[in-house]
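Visitor: If you scroll down you'll find the structure; I have some questions about it.
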Amino acid sequence: MEFWELQSLDHGLKCQFEALTYISSMRYRVSRISLLFFSILGLFILACQSPPDTASLEENKSLVRQWLADIDDSGGSVDFIDRWMTSDFQTYFNSSDPMDLAGYRQFMTDALSAFSNMRHDIRYVIAEHDLVAIGVTLHMVHTGEYMGIAPTGRPILIEEILVVQLREGRIAQEWAVVDFAALQRQLEPAPS
């Protein structure tokens, strides 16, 4: 092969390399343009979505406040359960084991017979979609037997955090973190 043929071959390879580099950079530019386009499209779609319905969020908060007020005003009756809970209601107290509607009814029957003058002092209420989170301080008086402990007549104060899921204006699920340790400490006999 002659020298001039090598130079020609070298020039051809150089041109092919430059062409591939240009095409590759164009793909990179096209990729960046595509990415930019789809990012703008995504932002546009998000911007066009309807904002959260603050009226329904406020309504959900109001429903949960009313539910707690109904417990406070129940006078020991569990009739509020039929008004507020769905038939497939489940609650989770400090654990992952769910309690169904019948279990919740029994739990509330026991609680309302052991404690009177219930009052939920609401600390905060936060709503998002169909969930409402509420922090409360529960005030009550130990006036009946509770877990084998005779009535002490003592005022009891415990903290709770509740998250409820609403469905058609009723509570379908509840997750409750209740300070049962504080309850036990307050029910212990006074030191002599």
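Visitor: Residues that are surrounded by 16 or more Cβ atoms within 10 Å (Cβ to Cβ), modelled with pLDDT of 95 or more and under 20 Å from G75 (Cβ atoms): does segment 158-174 have at least one?
Guide: For segment 158-174, residues surrounded by 16 or more Cβ atoms within 10 Å (Cβ to Cβ), modelled with pLDDT of 95 or more and under 20 Å from G75 (Cβ atoms): absent.
Visitor: Here's a check for you: in segment 102-154, which residue that is assigned to a helix (DSSP H, G or I) and of a type in the set (D, E, K, R) is farthest from R65 (Cα to Cα)?
Guide: Among those that are assigned to a helix (DSSP H, G or I) and of a type in the set (D, E, K, R), it is D110.
Visitor: Okay, next question. Restricting to segment 155-182, give me the number of residues that are out of contact with any Phe, Trp or Tyr (no Cβ under 9 Å at 6 or more places or on another chain), within 21 Å of Q106 (Cα to Cα) and in a strand (DSSP E or B).
Guide: Of the residues in that region, 1 qualify.
Visitor: Any residue in segment 86-95 that is surrounded by fewer than 16 Cβ atoms within 10 Å (Cβ to Cβ), out of contact with any strand residue (DSSP E or B) (no Cβ under 8 Å at 6 or more places or on another chain) and at pLDDT below 90?
Guide: Of segment 86-95, the ones surrounded by fewer than 16 Cβ atoms within 10 Å (Cβ to Cβ) are 87-88, 92, 94-95.
With out of contact with any strand residue (DSSP E or B) (no Cβ under 8 Å at 6 or more places or on another chain) added as a condition, the list becomes 87, 95.
From what is left, the residues that are at pLDDT below 90 are 95.
Yes, segment 86-95 contains at least one residue that is surrounded by fewer than 16 Cβ atoms within 10 Å (Cβ to Cβ), out of contact with any strand residue (DSSP E or B) (no Cβ under 8 Å at 6 or more places or on another chain) and at pLDDT below 90.
The values are calculated or read from the model by the stated rules, or taken from the named source; none is laboratory data. None of the values given here were measured: they were computed from a predicted structure. As a convention, Cβ positions derive from the backbone with ideal geometry for all residues, glycine included, and neighbour counts pool all protein chains shown.
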